[in-house]
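Have a look at the structure below, then the notes.
The values are calculated or read from the model by the stated rules, or taken from the named source; none is laboratory data. Owing to the predicted nature of the structure, the values given are computational and were not obtained by experimental measurement. Every residue, glycine as well, gets a Cβ built from its backbone with ideal geometry; the counts of neighbours run over all protein chains shown. Ligands, DNA and RNA are excluded from the accessible area calculation, which covers all protein heavy atoms including side chains. Shrake-Rupley method; radii C 1.70, N 1.55, O 1.52, S 1.80 Å.
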Amino acid sequence: MSRRVALAARRARRRAIVMAAGRRRHPADSRASMPRHKWLLRIARGLLVGAVAIAGMFIGVTLGGSTTQDIGPFRAQLSLAPSWHGDTSVEIPPLGSLELDSHDGPVHLRIRLESLDEARTRAFAAKSGNLEQVSHDAVDQLNLGVRRLAMQTAGCGILGAMILVALAFRARRETAAAGLVVVFALASTGAATLLTFKPAAIQEPTYRGLLVNAPAIIGDARRITDRYEEYRAQLQKLVLNVSKLYGTISSLPVYEPDKSATKVLHISDMHLNPAAWGVVRSVADQFDIDIIVDTGDINDWGSEPEASYVNVISDLRVPYLYIRGNHDSAVTAAAVARQRNAIVLDDTIVTVKGLTFAGIGDPRFTPDKSTDPTNEEQHQQVVTSGDVLAKKIRQSSTPVDVAMVHDPVSAQELAGLCPLVLAGHRHERQISRLNPNPPMAAPLPAQVTSPSPSDSTSASAPASAAARAQQERTLLMVEGSTGGAGLRGLESSKPLPLALSILYFDEQHHLSAYDDIQVGGTGLTEVSLQRHLVQPDTKAAPTPSPTPSPSSSASPSASPAPAAS
């Protein structure tokens with residue numbers, strides 16, 4: 001027993017010696033090592049608190065970032081969500097949606113018109129002028145809803161961050177720090193949104209949905225050019241249009257668009273696609289089109305059996321202006337000319353619905369797709385056809401509003417002679433401004449001898465055209481393929497969409513806006529319509545230099561165009 005006690009005592013003394021030695025050695029080492037690692041631990045903890053706070057903010061925004069608001073006769077749902085591109089979407093089920101490039105901040109605003117209050121709608125319609133008042137009040141109601149949504153989303157984000165950090169760290173200091181982090185993040189987001197806010201974005205919406213509903217939702221293009229109170233006025237118009245469209249179902253008066261603008265439908269490169277005629281007819285009817293302009297390649301081979309494809313033109317019931325493409329033969333042009341509402345332009349000028357058009361057919365006939373942009377002979381043929389039409393325009397007694405060519409290469413010779421040139425051929429939408437060639441031919445200065453009355457009359461139009469050219473450069477609009485390139489459109493992995501455009505001309509024959517429409521390839525299941533305003537040209541067109549003779553105009557220096565068909 002005594003031996004066991006002695007052994008235990010020795011062990012206890014050894015442990016005491018070891019512990020005393022450790023106490024003498026470690027305090028100094030600990031004091032030396034703590035300054036090196038303490039700040040790293042604090043930074044790591046701070047980053048972890050920030051990450052948890054951001055995660056909590058996203059959870060809070062997701063759960064609480066939506067609200068409802070009465071906008072006119074509608075019950076609307078407003079929501080905010082994180083986004084790289086910002087923007088605003090207005091969903092109008094079942095009609096479609098509008099996408100607005102309203103801001104570039106890191107949040108996306110979504111407005112969904114959930115339902116129409118039938119009782120309120122009937123009450124508004126019962127008294128004259130109430131529907132107009134609803135559209136005015138809708139602006140204030142939407143602003144109220146957006147402000148409430150912003151405050152609610154911010155509160156939910158802060159609350160979510162603080163709750164998550166409190167659960168994860170169980171410390172007051174970290175919880176308070178999380179709140180400050182989220183406040184800074186939300187303040188930065190709000191500042192970015194306000195700084196990039198674009199009120200005029202509502203003038204150029206992108207519509208997605210059923211084609212039949214596009215005119216009623218987008219509205220008429222003429223009033224878009226009015227610059228008074230852009231944001232308020234256009235938002236009021238949007239709400240009014242949708243209210244009237246919905247109200248039609250509830251026996252409200254049918255909305256009639258403004259008839260003052262001249263609407264021109266530009267199509268090109270149909271390539272025998274039978275489905276394309278249905279789209280053309282639908283757009284012409286729904287948008288109340290005044291004139292249809294076709295810049296060629298309505299056929300594929302220009303053969304006699306294909307001639308019957310153009311018989312649908314007579315069913316469109318509006319003037320149909322056509323020029324020949326490189327896939328169209330003389331047989332094709334004759335078949336089009338037999339349609340009672342068709343006008344075939346080939347180095348001719350015609351005035352329709354107050355607009356003056358000049359057009360010329362493609363000089364080539366290459367149904368085997370043998371057009372080669374590097375072929376100098378073919379290229380020169382196309383350039384020469386543009387020069388021929390340019391001479392025709394200079395000799396015209398009426399200023400030309402729109403010129404039509406098939407290949408855009410021909411357009412360069414028309415620069416400075418008319419405000420707008422329409423083309424096709426490339427199966428791709430392209431829009432650009434044309435600068436006149438430095439050695440471009442221009443009307444000769446007035447001779448010293450007194451001209452005859454007929455000479456003075458014929459000279460007035462070129463002078464007017466030249467004056468307009470000096471104000472703005474000629475706008476070249478190349479259309480995509482309205483037929484989706486026909487059967488060849490199926491050769492690619494994704495079929496080409498059916499492309500066509502609506503041009504809006506004001507009472508002075510100026511192009512004020514245009515709609516680009518695309519119908520999703522051969523399936524025809526998706527429609528996209530995007531409104532564009534035509535902005536004034538920021539570069540003045542250089543004044544053409546007179547040459548000794550109109551016949552001495554040089555070939556354009558433009559590079560060959562990409563091959564199409």
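Of note:
- Highest mean first, the peptides 352-361, 181-190 sorted by other C-beta atoms within 10 Å per residue fall in the order 352-361, 181-190.
- A crude spin-label estimate for the pair Ala337 and Arg13, with each label 7 Å from Cα along the Cβ direction, gives 13.1 nm.
- A 1.4 Å probe run over the protein chains yields, for the stretch 298-384, 43 Å² of accessible area per residue, whole-number rounding.
- Here r is the Cβ-Cβ distance between Val388 and Lys198 and R0 is 41 Å; the resulting FRET efficiency, rounded to 0.05, is 0.40.
- Computed packing ranks the peptides 530-536, 416-422 as 416-422, 530-536, most packed first, by mean other Cβ atoms within 10 Å.
- Accessible surface of the stretch 288-336 [probe 1.4 Å, protein heavy atoms]: carbon and sulfur percent: 57
- Counting Lys and Arg as +1 and Asp and Glu as -1 over every other residue whose Cβ lies under 9 Å from the Cβ of Gly86, the net charge comes to -3.
- Cβ-based net charge around Ser282, under 13 Å, with every Lys or Arg adding one and every Asp or Glu removing one: -2
- With K and R counted +1 and D and E -1, the other residues having a Cβ less than 13 Å from that of Gly105 yield a net charge of -2.
- Shown is the FRET efficiency for Ser303 and His532, computed with R0 = 30 Å from the Cβ-Cβ distance and rounded to the nearest 0.05: 0.20.
- The simple spin-label model puts a point 7 Å past each Cα toward its Cβ; for Val350 and Ser314 those points are separated by 1.6 nm.
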